[in-house]
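Colleague: First the structure, then my questions, so here it is.
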Amino acid sequence: MNAPMTFPDASSESPAHANSPRPRANVTARAAVACALVAVVLTWFTTFAAPLAAQRAAARLDYGNIFTFWAVAWAVVLVLNLLALVLGARGARQATGKVLSGVAIGIGATGALGVLVYNLVTFQVMPFIR
């Protein structure tokens, strides 16, 4: 009688080459992309809403608050872009999610640079243009 050979140490689990799920992007990379996309949408919103807020403040003769919405909105956008940049850099160091991290780094860096250039031009160059 030929009985099958069994080994007490042998694992009854599936072999080493079992079907494993595809590696998913890490949470850090997803959070970075989410921050970058929220920053982009908030940038679009600020571009349209800030002049309206300034116009309403001027209509109320509230000249001290004309740039309040602009300052708060651009500060939030800058923080979100820098957060996307930092989270993207952290996500790029991990094994998965490199593409999402790269997207977040690109959007975050471009957005942060855009906010800084916008403020530089608005407050340093525009006063000299006649």
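The values are calculated or read from the model by the stated rules, or taken from the named source; none is laboratory data. Please read all numbers here as calculations on a predicted model, not as lab measurements. For neighbour counting, all protein chains shown are included, and Cβ atoms are generated from backbone atoms with ideal geometry for every residue, glycine included. Areas reflect the complete protein model, heavy atoms only, side chains present, ligands, DNA and RNA absent. Shrake-Rupley method; radii C 1.70, N 1.55, O 1.52, S 1.80 Å.
Colleague: Provide a single number: the residues in segment 64-101 that are more than 13 Å from Arg30 (Cα to Cα) and not in a helix (DSSP H, G or I).
Modeller: Total satisfying the criteria: 4.
Colleague: Examine segment 62-70 for a residue that is under 20 Å from the mean Cα position of the chain (by Cα) and open to solvent by less than 70 Å² (accessible area, probe 1.4 Å), and state whether such a residue exists.
Modeller: There is no residue in segment 62-70 that is under 20 Å from the mean Cα position of the chain (by Cα) and open to solvent by less than 70 Å² (accessible area, probe 1.4 Å).
Colleague: Same structure, new question: Out of the residues in segment 87-98 that are open to solvent by 30 Å² or more (accessible area, probe 1.4 Å) and either modelled with pLDDT of 95 or more or in contact with a helix residue (DSSP H, G or I) (Cβ under 8 Å, 6 or more places away or on another chain) (or both), which is nearest to Ala39 (Cα to Cα)?
Modeller: Here the answer is Leu87.
Colleague: Something else about it: Just need a number here: residues in segment 107-130 that are in contact (Cβ under 8 Å) with a residue 12 or more places away in the chain and open to solvent by less than 90 Å² (accessible area, probe 1.4 Å).
Modeller: Summing the residues that are in contact (Cβ under 8 Å) with a residue 12 or more places away in the chain and open to solvent by less than 90 Å² (accessible area, probe 1.4 Å) in segment 107-130 gives 9.
Colleague: Need the failing condition index for Leu61 against (1) in contact with a Gly (Cβ under 9 Å, 6 or more places away or on another chain); (2) at pLDDT 85 or above; (3) assigned to a loop (DSSP other than H, G, I, E, B), just the number.
Modeller: Of the numbered conditions (1) in contact with a Gly (Cβ under 9 Å, 6 or more places away or on another chain); (2) at pLDDT 85 or above; (3) assigned to a loop (DSSP other than H, G, I, E, B), the odd one out for Leu61 is (1).
Colleague: Something else: For segment 35-53, give me each residue that is more than 12 Å from the chain's Cα centre (by Cα) and either crowded, with 17+ Cβ neighbours inside 10 Å or of a type outside the set (Gly, Ala, Ser) (or both).
Modeller: If the condition is that a residue be more than 12 Å from the chain's Cα centre (by Cα) and either crowded, with 17+ Cβ neighbours inside 10 Å or of a type outside the set (Gly, Ala, Ser) (or both), then Thr43, Trp44, Phe45, Thr46, Thr47, Phe48, Ala50, Pro51, Leu52, Ala53 are the ones that fit.
Colleague: Right, another one. Is it true that Ala104 is in contact with a helix residue (DSSP H, G or I) (Cβ under 9 Å, 6 or more places away or on another chain), surrounded by 12 or more Cβ atoms within 10 Å (Cβ to Cβ), modelled with pLDDT of 90 or more and part of a helix (DSSP H, G or I)?
Modeller: When the stated conditions are applied, Ala104 passes them.
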